[in-house]
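To start, the structure under review is shown below, and the notes come after it.
The values are calculated or read from the model by the stated rules, or taken from the named source; none is laboratory data. Quantities reported herein were computed from a predicted structural model and do not represent experimental measurements. Here the Cβ positions follow ideal geometry from the backbone for every residue, glycine too, while neighbour counts run over all protein chains shown.
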């Protein structure tokens, strides 16, 4: 991965942008997009679209979502402790002892999600996982009045965990889901723009908002772009860690390349074209069945506008929806190069249609 692309990825990953509060991350994305796109647009809700070769045909939409999981202040107790609700699929069992930043009107307020010391718990009792409303944030306030001077109901909360390289290729961060995809779509556009060859299609790289709360931004972007086909770039579950059964969840390995999904929203003709490009360009590509455990923006894109041929490219991710998500950056780079190569391979006027 080139140095400038890695620095952009780090900045994107460390800029807090929970669902519904994506503007900080979206500004970073748009600034980078303006260096390689012919045009960059945003809409009323903060979705961003970078366009390359707008007169091209067909119109290919690349989608990655910019939002991350987070929390929101729900209630401030008279004792000064702060209670919260989740933004997206947060696992309550993993919350206690986490450092968090509350993004208030007065600035960032650091707090910790408290946990009762093991010495003070009743021994011999089963330890049950906490519910979200049973957890609290401690900002060191003397009482509720002091806490309310610093934070307010509705303030978004982001986890503090940072980007870190574990070796030359493997990295951990709190928001690879799906800053990895948001990075990859604009990186694919940049590679296509720098190729120097003739690009037949128009590329619309979309950084979509609020995927974690219902694929909201992708639905908006599909109406705005009206694409002829779409490639959604997401993270997918790496299943090569202890306790995950391949016979139940498939076999996806970190470092063995991105994945292409088969079935349901994944259009067979488009999937075949992508696989053919991967073979021609000698890009490692794993195959997985469509997910039974969750969905992506492709779930709303493929059934919009009377049907948009769609495909999902996944980057293997260990420990999804935690603050220590793990990627092999070679997989991420391959995903961007694959999609760029696909865009450059698309024929003028090409359409993707199932023959019946």
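Among the numbered criteria (1) in a strand (DSSP E or B); (2) under 21 Å from residue 337 (Cβ atoms), which one does residue 36 miss?
Among (1) in a strand (DSSP E or B); (2) under 21 Å from residue 337 (Cβ atoms), residue 36 violates only (1).
Among 281, 272, which is within 15 Å of residue 343 (Cα to Cα) and touching a residue at least 40 places away in the same chain (Cβ under 8 Å)? Break it down into steps so the answer makes sense when it comes.
Values: 272 fails: touching a residue at least 40 places away in the same chain (Cβ under 8 Å).
Step by step, each of 281, 272 is checked, and only 281 is within 15 Å of residue 343 (Cα to Cα) and touching a residue at least 40 places away in the same chain (Cβ under 8 Å).
Suppose the filter is surrounded by fewer than 22 Cβ atoms within 10 Å (Cβ to Cβ), in the same structural domain as residue 30 (by TED's automatic domain parsing) and either in contact (Cβ under 8 Å) with a residue 60 or more places away in the chain or not in a loop (DSSP other than H, G, I, E, B) (or both); does residue 56 pass it?
When the stated conditions are applied, residue 56 passes them.
Can you confirm whether residue 218 is in a loop (DSSP other than H, G, I, E, B) and either touching a helix residue (DSSP H, G or I) at 6+ places or on another chain (Cβ under 6 Å) or in the same structural domain as residue 29 (by TED's automatic domain parsing) (or both)? Before the answer, list the steps.
Numbers: in a loop (DSSP other than H, G, I, E, B): no; either touching a helix residue (DSSP H, G or I) at 6+ places or on another chain (Cβ under 6 Å) or in the same structural domain as residue 29 (by TED's automatic domain parsing) (or both): yes.
Answer is no for this residue.
Only one of (1) assigned by TED's automatic domain parsing to the domain that holds residue 199; (2) in contact with a strand residue (DSSP E or B) (Cβ under 9 Å, 6 or more places away or on another chain); (3) buried (at least 23 other Cβ atoms within 10 Å of the Cβ); (4) not in a loop (DSSP other than H, G, I, E, B) fails for residue 12. Which number is that?
The single condition residue 12 does not satisfy is (2).
Pick from 213, 172: which is in contact (Cβ under 8 Å) with a residue 12 or more places away in the chain and either within 22 Å of residue 301 (Cβ to Cβ) or within 12 Å of the chain's Cα centre (by Cα) (or both)? Talk me through it step by step, then tell me what you get.
Values: 172 fails: either within 22 Å of residue 301 (Cβ to Cβ) or within 12 Å of the chain's Cα centre (by Cα) (or both).
The match here is 213.
Within the range 31-53, can you find the residues that are surrounded by 16 or more Cβ atoms within 10 Å (Cβ to Cβ) and closer than 16 Å to residue 190 by Cβ?
The answer is 32, 33, 36, 37, 40, 48, 49, 50, 51, 52, 53.
With respect to the numbered conditions (1) at pLDDT 95 or above; (2) surrounded by fewer than 16 Cβ atoms within 10 Å (Cβ to Cβ); (3) out of contact with any strand residue (DSSP E or B) (no Cβ under 7 Å at 6 or more places or on another chain), which one is the sole condition not fulfilled by residue 278?
(2)
Please pick out the residue among 123, 110 that is without any contact (Cβ under 8 Å) to a residue 60 or more places away in the chain, part of a strand (DSSP E or B) and exposed (fewer than 15 other Cβ atoms within 10 Å of the Cβ). Working first, answer last.
Values: 123 fails: part of a strand (DSSP E or B).
Step by step, each of 123, 110 is checked, and only 110 is without any contact (Cβ under 8 Å) to a residue 60 or more places away in the chain, part of a strand (DSSP E or B) and exposed (fewer than 15 other Cβ atoms within 10 Å of the Cβ).
Can you give me the number of residues within the range 306-327 that are closer than 18 Å to residue 225 by Cβ, part of a loop (DSSP other than H, G, I, E, B) and in contact with a helix residue (DSSP H, G or I) (Cβ under 6 Å, 6 or more places away or on another chain)?
Residues meeting the conditions: 2.
Go through 230, 192, 202 for me and flag whichever is surrounded by fewer than 24 Cβ atoms within 10 Å (Cβ to Cβ), more than 30 Å from residue 161 (Cα to Cα) and in the same structural domain as residue 274 (by TED's automatic domain parsing).
Of 230, 192, 202, the one residue that is surrounded by fewer than 24 Cβ atoms within 10 Å (Cβ to Cβ), more than 30 Å from residue 161 (Cα to Cα) and in the same structural domain as residue 274 (by TED's automatic domain parsing) is 202.
Looking at the range 128-154, which of the residues that are in a helix (DSSP H, G or I) and in contact with a strand residue (DSSP E or B) (Cβ under 7 Å, 6 or more places away or on another chain) is nearest to residue 96 (Cα to Cα)?
Of the residues in the range 128-154, the ones in a helix (DSSP H, G or I) are 132-134, 144-148.
Then keep just the ones that are in contact with a strand residue (DSSP E or B) (Cβ under 7 Å, 6 or more places away or on another chain); that gives 132-133, 144, 147-148.
Working: 132: 10, 133: 12, 144: 21, 147: 20, 148: 22 Å.
The qualifying residue nearest to residue 96 (Cα to Cα) is 132.
Which ones in the range 254-265 are within 19 Å of the chain's Cα centre (by Cα) and part of a loop (DSSP other than H, G, I, E, B)? Reasoning before the result, please.
So in the range 254-265, the residues within 19 Å of the chain's Cα centre (by Cα) come out as 254-255, 257-261, 265.
254, 255, 257, 258, 265 - these are the residues of the range 254-265 that are within 19 Å of the chain's Cα centre (by Cα) and part of a loop (DSSP other than H, G, I, E, B).
Is it the case that the range 338-354 has a residue that's under 30 Å from residue 92 (Cα atoms) and either modelled with pLDDT of 95 or more or touching a helix residue (DSSP H, G or I) at 6+ places or on another chain (Cβ under 7 Å) (or both)? Before you say what the answer is, go through the steps one by one.
Restricting attention to the range 338-354, the residues satisfying the condition of being under 30 Å from residue 92 (Cα atoms) are none.
No: the range 338-354 contains no residue that is under 30 Å from residue 92 (Cα atoms) and either modelled with pLDDT of 95 or more or touching a helix residue (DSSP H, G or I) at 6+ places or on another chain (Cβ under 7 Å) (or both).
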